[in-house]
Structures are given as structure tokens and as C-alpha cells.
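Contents: one structure, followed by commentary.
The values are calculated or read from the model by the stated rules, or taken from the named source; none is laboratory data. Here the structure is a predicted model, which is why all the values come from computation and not from measurement. Backbone-built Cβ (ideal geometry, glycine too); neighbour counts: all protein chains shown.
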Amino acid sequence: MTDPHSGFGLDHLPYGVFSVAGGARRVGVRHGDRVLDLAASTGRPELATPSLNALMALGPEVWRQTREEARSLLEAGAETLPLADVELHLPFEVADYVDFYASEHHATNVGRILRPDSEPLLPNWKHLPVGYHGRAGTVVPSGTPVVRPRGQVVTSTGSAQRSTGSTSDGRAVPTYGPTERLDIEAELGFVVGTPSSLGDPVPYAAFGEHVFGVVGLNDWSARDLQAWEYVPLGPFLGKSFATTISHWVTPVAALEAAWCDLPAQEPTPLAYLGPGQVRGLDIDVEVELDGEVVSRPPYRTMYWSPTQMLAHLTANGASVRTGDLFASGTISGPAEDQRGSLLELWWGERFLDDGAEVVLRYSAPGTGGGRITLGEVRGRVEPARVD
Ligand code: CA
């Protein structure tokens, strides 16, 4: 039977934060094209708050009870609001934000583009999930416009005054201006609920005790800024201007049927990164640009799993906090139409114009036998703000 709620049935029930007519923000649950006011219908104070953090901090047993309560309320015919009548907000207060680089196909493609004369994967890549700390304060909800960032760039294919990028003796000389290589990265984000203690690594097997849910995520990237700044310390201003996440957080519990084996890892990673066969999530991604689907990256083709990313993120004893967000890195499959960035899809030839609109969509097997639809991630490019 087709799911009458098109991906948002009782087997999904993602959480979000909403308000009505400028009223107080509170926690809701999406069911079909309607929203259950979970704060009002349960009377629980941790749900009458403008973020999911209070609920997320309470841990897996409370998450399980809350999910059951929402389901029971909906089954009993609780009053709900039309989605069209509510305003959706950033669903949680982002604590720290870390972005990984977990797709072998993406890392290989980017290596070939940026370092055509050397091995595409660096020696560390198959021993640890490579990542960097991003900027939590510029994580924005779906629909937030993305202003074309400005910064230092060396090469240019566009404006005449920025076209040389080097002196006559070959030294690179940067100029300051709007990026001409604005790109997307189709990713998934994992949201930490239960914190960990400083000094104690989170074991590989403890993923479910700490991770509350999953969001769609677009790691907007300015490739020209990135190419000039990233050696030797990694991404900085080429990434930090905006990261868009979905309004809806899909509980990890709704993805129980989506766990699958990932491709075999060779060489075998160190023991703290898990035992043998690695499990990941079978989530399909769709990248739409200006109304046209340009790519369909499969998350099941990733090399490093989210469980390994959390174990590695805390392997030195660094603690995680409620609201921490760690992202997968660009999701790219082996085929050309499965690439999760325009850099790879168009091999550096073309990037986003002002006015371009990108929508990321995600779906996964649901526990009820059908498919669930994760929250979409939408963003439109606005022109650079010039003095
Ligand atoms: Ca990224």
C-alpha cells in the first residue's frame, strides 16, 4: 500500500521547531503535510522551547518515550496544524560543527582535479576519516538565502581586472572580490543529543546512545577561496560563510531499516574505528538545480560510516555536546551522475550563478516497509554585497 503521508507517515515523525503568526517557538512533529504541536499536546516544558536541545539532552530512553507519545497522540486523532500555516526555524542550537570527507569517490575526484600530478588520495585517507572544524554560527535553516561570499582569490576566468592572478615572474598575487566558483556539497548531518565527558572517547558501539537524529545538509563552498587558503591548515573562509540544514531532524530510530553494509575497508582500520564489516545508511540523495535533477548520490557508497566518524571525532578525548553537528562530507557515488558537488559534475568548468536555486532531497527505507522522506535543504544564491 502506498504511504498516504508521502514519506512523513507514522514510521517517520521528524522533529522541528515552529511558530504560528509570530508566536513562541516550540517543538513540533511532522505528520504528512501537518504539524503536531508537541509542546501543547504533551505539556512538557522541555518541548516548549525554541530548540530541540532540551529534549536531545535527555537521552535515548526519553527520545524513545517521546516518539511513542507522538505516535499515540496522532493515532488518537490529536489536533494538528497545516504545514502551510506555520513558520519553521533552525531546529536546534548548533554547538560545534565538524565536517568530514568520507566519500572515497568524492575525495578521489577532488584529488584528481586539484592535484592532477599526484596520487588522488593522500596517505592518511584510508586510515582515518579526515575532517575539519567548521563554523557553527553560520549553520542556517533551509530556505535562507546564501549571499555570494567575497574573499581572496588568485585565479579567475571572469572579470578582466582579476584575470591574471600572478606577476610576470610567476608569483601568485591575490585579489579581493566575490567568488566566481560558488559550489554546493550534498551531505548528511548527524546531530548529537547526549553529551560525552571530556577525556573519554565515545566508543564505536555507542553511536545510538549519543546521536539523536539526521538532517540534510548543504556545505556551500567557494572553490577559488578554498584553493588559495587551504594549504596547510585546511578549509576556512571558503566554507564558513553558510551551511544549510533541513528544518526537520529525522530521529535515528526512524532509520532502523536503512542500516546497510558499506564497501569493504582495506587496509583494516585501527580497532577503535570498529570491528570488521562497517555499517552505514542506505539513504538516496537528489540534487536539484533550478528545477532540474542533476545528480543522485547514494549514501550507501560512502567509505567511512557515521559511527566511525563519531568514534574518531572523540578518539583524543575531546567531548561532544548537545547540539554538536557532524557532517558526512560530500556524498558522491561511483557514476558520473552520482556526484554531490558541481566541481565534480562539471569538472571545474562551471559553477553557480546569482539567482540559482539548489534543493537537496533525501529518502530512505522506512520501518513500515515503504520509504521515508527526510527534510529538504533549499537555498538560493544572492549577489555579493559590494560596498
Ligand atoms: Ca563538505
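Residues A206, A186: which one is away from the ligand (no atom under 16 Å from the Cβ), under 24 Å from M302 (Cα atoms) and of a type in the set (G, A, S)?
On the way: A186 fails: away from the ligand (no atom under 16 Å from the Cβ).
Just a single option satisfies the conditions, and that option is A206.
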Working only within region 275-294, note down all residues that are farther than 30 Å from A311 by Cα and either of a type outside the set (G, A, S) or touching a Lys or Arg at 6+ places or on another chain (Cβ under 6 Å) (or both).
E288, L289, D290, E292, V293, V294
Long-range neighbours under 9 Å by Cβ, at least six apart or interchain, first residue outside the structural domain of P251 (by TED's automatic domain parsing) within region 28-40, second of a type in the set (G, A, S) and at pLDDT below 95:
G32/S6; D33/S6
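Output the number of residues of region 280-291 satisfying the condition of being closer than 21 Å to G7 by Cα and part of a strand (DSSP E or B). Before the answer, list the steps.
Filtering region 280-291 for residues closer than 21 Å to G7 by Cα gives 280-288, 291.
Then drop every residue that is not part of a strand (DSSP E or B), which leaves 280-281, 284-288.
Qualifying residue count, region 280-291: 7.
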Scanning region 226-238 for residues that are within 14 Å of the ligand (Cβ to nearest atom) and under 15 Å from F351 (Cα atoms), the one modelled with the lowest pLDDT turns out to be Q226
Scan of region 127-143 for residues that are buried (at least 18 other Cβ atoms within 10 Å of the Cβ) and away from the ligand (no atom under 16 Å from the Cβ), ordered by number
P141, S142
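Yes/no matrix, rows are residues, columns are (1) within 16 Å of the ligand (Cβ to nearest atom); (2) of a type in the set (A, V, I, L, M, F, W, C); (3) more than 28 Å from H312 (Cβ to Cβ); (4) surrounded by fewer than 17 Cβ atoms within 10 Å (Cβ to Cβ):
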site	(1), (2), (3), (4)
G28	no, no, yes, no
L38	no, yes, yes, no
A48	no, yes, yes, no
A57	no, yes, no, no
R64	no, no, no, yes
Test: P232 is touching a Phe, Trp or Tyr at 6+ places or on another chain (Cβ under 8 Å), surrounded by fewer than 20 Cβ atoms within 10 Å (Cβ to Cβ) and not assigned by TED's automatic domain parsing to the domain that holds L52
no
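Could you look through region 239-254, keep only residues that are in a strand (DSSP E or B) and not hydrophobic (A, V, I, L, M, F, W, C), and pick out the one that is nearest to the ligand (Cβ to nearest atom)?
Of everything passing the filter in region 239-254, T243 is nearest to the ligand (Cβ to nearest atom).
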Tell me which residues, restricted to region 312-363, are at positive phi and crowded, with 22+ Cβ neighbours inside 10 Å.
G323, G329
Scope region 72-99; condition surrounded by 20 or more Cβ atoms within 10 Å (Cβ to Cβ), away from the ligand (no atom under 16 Å from the Cβ) and assigned to a strand (DSSP E or B); matching residues
L88
Would you mind finding the one in R171, R148, R135 that is of a type in the set (D, E, K, R) and at pLDDT below 95?
R171
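Yes or no: region 102-112 includes at least one residue that is acidic (D, E) and crowded, with 17+ Cβ neighbours inside 10 Å. Working first, answer last.
Start the filter on region 102-112 by keeping residues that are acidic (D, E), which leaves 104.
Still in the running and crowded, with 17+ Cβ neighbours inside 10 Å: 104.
Yes; the residues of region 102-112 include at least one that is acidic (D, E) and crowded, with 17+ Cβ neighbours inside 10 Å.
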I'm trying to understand the selection: among the residues of region 321-349, which are of a type in the set (D, E, K, R), within 16 Å of the ligand (Cβ to nearest atom) and in a helix (DSSP H, G or I)?
E344
Residue pairs, Cβ under 7 Å, 6 or more apart or interchain, first in region 229-250 and closer than 30 Å to D33 by Cα, second acidic (D, E) and away from the ligand (no atom under 15 Å from the Cβ). List them.
S246/E376
Output yes when any residue across region 300-320 is within 16 Å of the ligand (Cβ to nearest atom), part of a strand (DSSP E or B) and touching a Leu at 6+ places or on another chain (Cβ under 8 Å), and no when none is.
no
